[in-house]
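Below is one structure, written out as structure tokens; comments come after it.
The values are calculated or read from the model by the stated rules, or taken from the named source; none is laboratory data. All values reported here derive from a predicted model rather than from experimental measurement. Reconstructed Cβ throughout: ideal geometry from the backbone, glycine too, with neighbour counts over all protein chains shown. To get the accessible areas, we keep the full protein, side chains included, count just its heavy atoms, and leave off ligands, DNA and RNA. Shrake-Rupley method; radii C 1.70, N 1.55, O 1.52, S 1.80 Å.
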Amino acid sequence: VDSSWVVIALLITYSMYLQVSQVYQDISAGEAVWIGVLATVLFFGSVLVHELAHALVAQARGIRVQDITLFLFGGATRAKVESRGPGDEFLIALVGPLTSGLLAGLFGIVATLGRDLLSRPLAGTFGYLAWTNLLLAAFNLVPGFPLDGGRLLRSAIWKTTGSLARATRIASVSGQGVGWLLVAAGVASLLAGDLAGGIWFAFIGWFLVQAARSSYQDLQLQQLLRRVEAEDVMAADLVRVPPELSLQEAVDDYFMRYDHSGFPVEEQGRTIGLLTLRGVRRVPREQWPTHRVRDHMVPLGDQVVVAPNARMDSVVGKLQDGETNRVLVVEDGEVVGIITPSDLTRWLRRWRTLEGRPH
């Protein structure tokens, strides 16, 4: 759950509280607050079910799902859909709006059948959730990447042309077009005097423009990294730490002197582990002079390891998935390099400079 989610959750709760209080004037303030909280929970529960539908179908198709995030604009499921074909992407994208449509029907049934069993404000809230999920399904079907409709468009173009890059570029342009239309609608609403609605439409539109542009840039980066090997990016001039050094000496002579957050530990010409800044910080400062590097290094077998000829697109996946935020490059059992996000950023900066591309 992203921190920005708290903002929209509070706004929806307050909005529902005001709406219920105005429509049902005989309702108490406490009941209005309770209904506002319930509506918010059910709304984001619907968003989560929408994303879970994407995730479950992806897993059923053998695609690994990294995570689901709830944030300001709803939810997002991260899965490496591009690793499979357009048919899989079409199914994974389609199931989201279908799920929202199904939820709309379920909430509508509860609202209809509950008119005689539930209070009017509560039945009305379920009716509101039915319309909200229906709008969510319709909005997600808009053919603009990275919305589900944009992914459906991309999968269709991908299937027709056989080119993922071309399909992503077209879907990205479409997504940017949808975003700018929403920005224009927001500006028109502002000029018409609808301050809140205008800002919200413009905000969503701007987010779509940036997300669509970023999605295409990410694909370009991924395709570039498929042609690059780990040894081209890794930091090769590794400074190595003796295992019998004290943590205080390691901090003073290595961590404070070099721009690295981890150092290979070498004994008799062989790498036996990695000392990380995170590991040092777990030890109380007053114990640094008496504790040895050997006692707090991470064994080499516990590290994420790749070969020098490993393709960087797979290495980036390991960087994103790993907990240590680094990858060791090992050849014949010996550490020959290290790759961190900073190393990748520096390599990309040099590549863009050589290619004459903007940073």
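Remarks
- Nearest 10 degrees, 0 to 90: helix 195-225 Cα axis against the chain principal axis: 40 degrees
- Only protein heavy atoms count here; on that basis, with a 1.4 Å probe, E51 has an accessible area of about 20 Å².
- Given charges at beta-carbon only (K, R positive; D, E negative), |dipole| of the stretch 150-257 in Debye: 1040 debye
- Taking label positions 7 Å along the Cα-Cβ direction at both A236 and D218, the computed distance is 3.2 nm, reported to one decimal.
- Sorting 165-172, 76-83, 25-32 by their mean Cβ neighbour count within 10 Å, with the most densely packed peptide first, gives 165-172, 76-83, 25-32.
- The long axis of helix 341-355 is offset from the longest Cα principal axis of the chain by roughly 90 degrees.
- The stretch between I272 and L181, if pulled fully straight at 0.36 nm per residue, gains 27.0 nm over its current Cα-Cα span.
- Contact order relative to length of the stretch 158-274, as percent, for alpha carbon pairs under 8 angstrom and 6 or more apart: 19 percent
- Take every Cα pair under 8 Å whose residues are at least 6 apart in sequence, average their separation, divide by the length of the stretch 191-350, and the relative contact order is 26 percent.
- Spin-label pair Q248/R349, simplified geometry with 7 Å Cα→Cβ offset, distance in nm: 3.5 nm
- Within-13-Å neighbourhood charge of A212 [Cβ basis; K, R +1; D, E -1]: +3
- Relative to the longest principal axis of the Cα atoms of the chain, the long axis of helix 312-321 lies at roughly 70 degrees.
- The chain - percent relative contact order, Cα under 8 Å, separation 6 or more: 10 percent
- Global dimensions of the chain from alpha-carbon coordinates: Rg and Dmax equal 26.3, 82 Å.
- Under 5 Å between amide hydrogens, built in the peptide plane, is the criterion, and for E267 it picks out I272 among residues at least 5 positions away or on other chains.
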